[in-house]
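Chemist: Sending over a structure as structure tokens; questions will come in a sec.
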Amino acid sequence: MANSRIIPVSDGNAIEAAARIIQNGGLVAFPTETVYGLGADAENPIAVARIFEVKARPRIDPLIVHVADRDMAEYYGVFPQKAHLLMEKFWPGPLTLVVSKKETIPAIVTAGLDTVAIRIPAHPAALDLIRASGCAIAAPSANLFGCVSPTEAQHVAEQLSDKVDWILDGGPCTIGLESTILSLSGDTPSIMRPGGTSIEKLSALLGSIDITSGVYGLPKVPGQMERHYATHTPMDIIEEDREEIKPTERVGLLCFSPPGFPQKYEVVETLSNSGNMREAAANLFRSLHRLDRMKLDRIIARPVPEEGLGIAIMDRLRRCSTRGLSGRWKNSE
Ligand code: TXA
Ligand code: MG
């Protein structure tokens, strides 16, 4: 599908022109290493309000603020001592830190919370866009609320094409899963969402991390809802050999490594032929988009091992599945 609003980041002064849109209160979808973001000037409440409208996102779900360097981060948030270690090691990269907000951030961005979520994305086009705009960019993932996140410009166009001013195309996202959200606002650092930075790596640096009370205990915001990142097609997570498929059913299989009996399925999406978890993460949303386009009766997803990025992959699969959450990241309520 051709879309005139999709502009390659390498095109002449694409970044400059996109920055002008941001400065004028417009919306630009842009690539990051995790997923595509739907960006607006973080200091412009009217522009930010448009993000919520376009995504049909409830106003109580706060946005992530994207900055280009640590000075900029400190202009918007108050970073405690242990944040500096994390910034040093993981920024730019798929880690979002939740810290006390400063007055520089309008209330609409944080949904009225006194904390703000900030990260430096590891993508040259994202960084260039922030610098050229001269302001932080507030951006949720560039999909309709609750739907599968975009890891290619085309995914953005399919969901939001006529609602955004521009889509900057930087090719497929290399990480393919949203950032890990770590709150530093309490006594113990707490994981609000597993993502592209593994919890093991964060624990190695910080020691104790709370992985239970964050998202699924404390104030519940829609981005942390049980059913989220969802395909239109119903999905079940089923171990190999535990499934029953009716002869009339058109079923797509999503699996980590190549399956034993691919002929049972209408289509098979293998996340990594070599069983590599990074590759699997990078392919996850693209595979879900592909399966969802096929108008299948059902998607069956195989569980992946829950370690490293596998924790974030299983979190997304559970939220996408019809049965909702179960297991390690179960909602404690
Ligand atoms: O990788 C990512 O994080 C991508 C790219 C575009 O940077 N962004 C992203 O944004 O995934 P979004 O809006 O889809 O998810 C942001 C999550 C939401 O679930 C929201 O609840 C949480 O961040 N969040 C934002 N501010 C928060 C805060 N102050 N406290 C707790 N959670 C917060
Ligand atoms: Mg999202």
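Chemist: Measuring from label point to label point, each 7 Å out along Cα→Cβ, what is the residue 206 to residue 297 span in nm?
Modeler: 4.5 nm
Chemist: For the chain, set up a GNM with springs between Cα atoms under 10 Å and report which of 19, 230, 204 has the largest fluctuation.
Modeler: Fluctuation is largest for 204.
Chemist: Another one. Using a 10 angstrom cutoff on alpha carbons, build the Gaussian network for the chain and name the most mobile of 297, 69, 41.
Modeler: 297
Chemist: Measuring with a 1.4 Å probe in the full set of protein chains, what accessible area per residue, in whole Å², belongs to the stretch 84-154?
Modeler: That works out to 32 Å² per residue.
Chemist: Over every pair of different alpha-carbon atoms in the stretch 235-320, take the mean of 1/r and invert it; report that Kirkwood radius in Å.
Modeler: 12.9 Å is the Kirkwood radius here.
Chemist: Using the per-residue mean of other Cβ atoms lying within 10 Å as a proxy for protection, in what order, highest first, do the peptides 124-131, 261-268 fall?
Modeler: Ranked from most to least packed, the peptides come out as 124-131, 261-268.
Chemist: So how strong a dipole does the chain carry about its Cα centre when Lys and Arg Cβ are +1 and Asp and Glu Cβ are -1, to the nearest 20 debye?
Modeler: 420 debye
Chemist: What is the calculated FRET efficiency for residue 11 to residue 238, with r their C-beta to C-beta distance and R₀ = 35 Å, to the nearest 0.05?
Modeler: 0.20
Chemist: Sticking with this structure for a sec: Could you state the number of Å between the C-alpha centres of the stretch 1-53 and the stretch 125-150?
Modeler: 7 Å
Chemist: Using Cα-Cα distances under 8 Å and only pairs 6 or more residues apart, what relative contact order does the stretch 59-154 have, in percent?
Modeler: Taking the mean separation of contacting Cα pairs over the length of the stretch 59-154, I get 39 percent.
Chemist: Please report, in cubic angstrom per residue, the volume enclosed by the convex hull of the alpha-carbon atoms of the stretch 6-211.
Modeler: Here the figure is 103 Å³ per residue.
Chemist: I would also like to ask the following. How high is the relative contact order of the stretch 235-320, given as a whole-number percent (alpha carbon pairs under 8 Å, six or more residues apart)?
Modeler: After rounding, I find 38 percent.
Chemist: Once you've got the Cα coordinates, tell me which of 82/201; 89/201; 101/201 are over 19 Å apart.
Modeler: 101/201
Chemist: Over the chain, what is the relative contact order in percent, taking alpha-carbon pairs closer than 8 angstrom and at least six residues apart?
Modeler: 19 percent
Chemist: Tell me, what % of the accessible area of the stretch 235-320 is carbon and sulfur with a 1.4 angstrom probe?
Modeler: Percent of accessible area from carbon and sulfur atoms in the stretch 235-320: 45.
Chemist: Which of the lysines could a cross-linker bridge to residue 295, judged by Cα under 25 Å and excluding same-chain residues fewer than eight apart?
Modeler: 55, 163, 246, 264
Chemist: Moving to a separate point now. State the percentage of accessible surface on the stretch 34-105 attributable to carbon and sulfur atoms; use a 1.4 Å probe and exclude ligands, DNA and RNA.
Modeler: That share works out to 53 percent.
Chemist: Considering only protein heavy atoms, what per residue accessible area in square angstrom results for the stretch 235-320 with a 1.4 angstrom probe?
Modeler: Per residue, the stretch 235-320 has 47 Å² of solvent-accessible surface.
The values are calculated or read from the model by the stated rules, or taken from the named source; none is laboratory data. This structure is a prediction, so every number in the text was calculated from the model and none was measured. Virtual Cβ from ideal backbone geometry, glycine too; neighbours counted across all protein chains shown. Areas reflect the complete protein model, heavy atoms only, side chains present, ligands, DNA and RNA absent. Shrake-Rupley method; radii C 1.70, N 1.55, O 1.52, S 1.80 Å.
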